[in-house]
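Visitor: Below you will find the structure I want to go over with you.
The values are calculated or read from the model by the stated rules, or taken from the named source; none is laboratory data. Here the structure is a predicted model, which means the values were calculated and not measured. Methodologically, a virtual Cβ is constructed for each residue, glycine included, from the backbone with ideal geometry; neighbour enumeration extends over all protein chains shown. Side chains included, ligands, DNA and RNA excluded: accessible areas come from the protein's heavy atoms. Shrake-Rupley method; radii C 1.70, N 1.55, O 1.52, S 1.80 Å.
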Amino acid sequence: FGNAKTLRNDNSSRFGKFTQLQFDVEDHDLAQREGRHIPICELAGSKCITYLLEKSRVVSVSEGERTFHIFYQMLGAPDTDKEKIWKEGLVGFDTSDFAYLRNVPSNSIDGLASGDN
């Protein structure tokens, strides 16, 4: 959802992720009593936080770039698919109907139409 075309990459991630791995570490004294110099360490869980979504990309992009792919993909879909996404809000519309999308020279990347995605 947070990918967009940039000058250097057609499918650039425009957000960051912080991944925290949480470990259950055996008590050091218990490990030594059982003859281990290094305590047992097991992965107990993880947490992934998405941050820094490049919100400015929604309203402004540099020449040769596009805003987030999802907008082009939704609007490039057949009306039957648009109706499933948003009953009356997208049917009959394309990128030329939206100010933030209409100034992009191409609705496709490397010849692949957005609706095909």
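Visitor: Anything in the stretch 33-50 that is aliphatic (A, V, I, L, M) and not in a loop (DSSP other than H, G, I, E, B)? List them, or say none.
Guide: Leu43, Ala44, Ile49, listed by residue number.
Visitor: Hey, could you check the stretch 3-40 for residues that are of a type in the set (Asp, Glu) and free of Cβ contacts under 8 Å to residues at least 24 places away in the same chain and say which is most open to solvent (accessible area, probe 1.4 Å)?
Guide: Going through the qualifying residues, I end up with Glu34.
Visitor: For the stretch 60-77, enumerate the residues that are within 18 Å of the chain's Cα centre (by Cα) and either buried (at least 19 other Cβ atoms within 10 Å of the Cβ) or assigned to a helix (DSSP H, G or I) (or both).
Guide: Val61, Arg66, Thr67, Phe68, His69, Ile70, Phe71, Tyr72, Gln73, Met74, Leu75
Visitor: Pick out the one residue from Leu30, Leu53 that is aliphatic (A, V, I, L, M), within 28 Å of Lys5 (Cα to Cα) and not in a strand (DSSP E or B).
Guide: Unique residue meeting the criteria: Leu53.
Visitor: Out of the stretch 78-117, which residues are open to solvent by 80 Å² or more (accessible area, probe 1.4 Å) and at pLDDT 85 or above?
Guide: Thr80, Glu83, Lys84, Phe93
Visitor: If you don't mind, there's one more thing I want to ask. When the residues of the stretch 41-50 are filtered to those that are open to solvent by 70 Å² or more (accessible area, probe 1.4 Å) and of a type outside the set (Val, Ile, Thr), which remaining residue is nearest to Ala4 (Cα to Cα)?
Guide: Cys48
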